[in-house]
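Presented below is the structure to which this report refers.
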Amino acid sequence: MQRTTIFRSSAALALVLALPAAFPAQAAKPSAHTVKKGDTLWDVSKAYLGDPFLWPQIYKLNTDVVEDPHWIYPGEVLKLAAAPGQMAVPAQDTPPPVPTAAAAPAAMPQREVVDTPPPVAMRVTGETGTEEQGMELFRRRRVASVSNISTYRAVKFHPVRAGEFFSGGFLTEGDSFSFGSLLGPVTPEQIETARARAAVQAYTTVAVNPPEGGSYAAGDLLLIADRREGPVGYGQIIVPTGLVRITGNNGGQAVGNVVSVFGPIREGQVVLPAEKFMDPGPADYQKVANGVEGHVLVARDLRELRLPRQVLFLDIGKRDGVALGDVFEARRAPGPQPRASADAVDEVMVTLQVIHVRDRTATVSVRSVVSPDVPPGTRVKLIAKLPS
């Protein structure tokens, strides 16, 4: 007869009970992200969706929270849209769909109308004769059967905006410009300021001195700027401080209203005709393989690079194929460091977007910062473009 052996070991029982804990269920993918200090939509998209170029999808899903995609704030809760592994640009081109006959417009939802006949008027006979009691009541009840009602807000994101274009500044590249000069407010301030050269505010009426032999006409848009020396061989740095719209002339001077303020506007700053902004319109980026490379020339502002929206200048421009809206990465050069024990590796330091471009140079705005130290000579590489 076959024998059956039963083990009553407490250690074996404990092992069986511990098996579910040894193989925990895979953590569910998060459906939302709480913004922390230093986060950008670019970083959130890369972390959760695996592709930083999918950030417009997260932005469009959170327009009720995010007003400007360049600025998100700690504590905001962002819904996550695309599934991991989805790419912003498909690996293979898909043929366009075959044209088909236009479908007939959907019929409007039908309404059910229920009519109820008016009640019969009652006639009451009294001592004074016949008297109408009440009146005819016409009641019509309408029940509308409407389904699939939805509302949405379609937000079209513009990668480059006029304010960034005008405020970014540029290098003169050695070209000659006919500069005018800002003469200051036309009407003195009612309350005298403690500073001798107070900054001009928005909507102030100012006088402008045209360049020698030149003039400005009503409607002209002028850029107000400071100047300082730029890198050798690239001319001067033009740092915009505002925009003024000419309204008329007062003798040899032009008079206009300040319509935008980017920095301190003071008497003696130069003015020049503002370039026309050609809006590229709402569009999604297209990845670029083996993009053009260049280098950082200099920072526009005399301060350490720490935050997004700061401005740098590159040594490549239109002649190299650079266009408004292009996205670059600044990368650390691998090799030994002068004051470090470990060698540097090739890694991304900042992400940059072109906001102004000239023949030999480009003005770029910092979009995200990984490392705040981006010295002149840092290598940059084109990684994405807007559709042409």
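Of a type outside the set (A, V, I, L, M), loosely packed, with under 13 Cβ neighbours inside 10 Å and closer than 30 Å to K385 by Cα: which single residue out of G268, G281 fits that description?
Working: G268 fails: closer than 30 Å to K385 by Cα.
Just a single option satisfies the conditions, and that option is G281.
On the basis of being out of contact with any His (no Cβ under 9 Å at 6 or more places or on another chain) and part of a strand (DSSP E or B), does A217 make the cut? Talk me through it step by step, then tell me what you get.
On the way: out of contact with any His (no Cβ under 9 Å at 6 or more places or on another chain): yes; part of a strand (DSSP E or B): no.
So A217 does not fit the description; no.
FYI, it's all coordinate maths here, none of it is from the lab. Everything quoted here is computed from the prediction, not taken from an experiment. For neighbour counting, all protein chains shown are included, and Cβ atoms are generated from backbone atoms with ideal geometry for every residue, glycine included.
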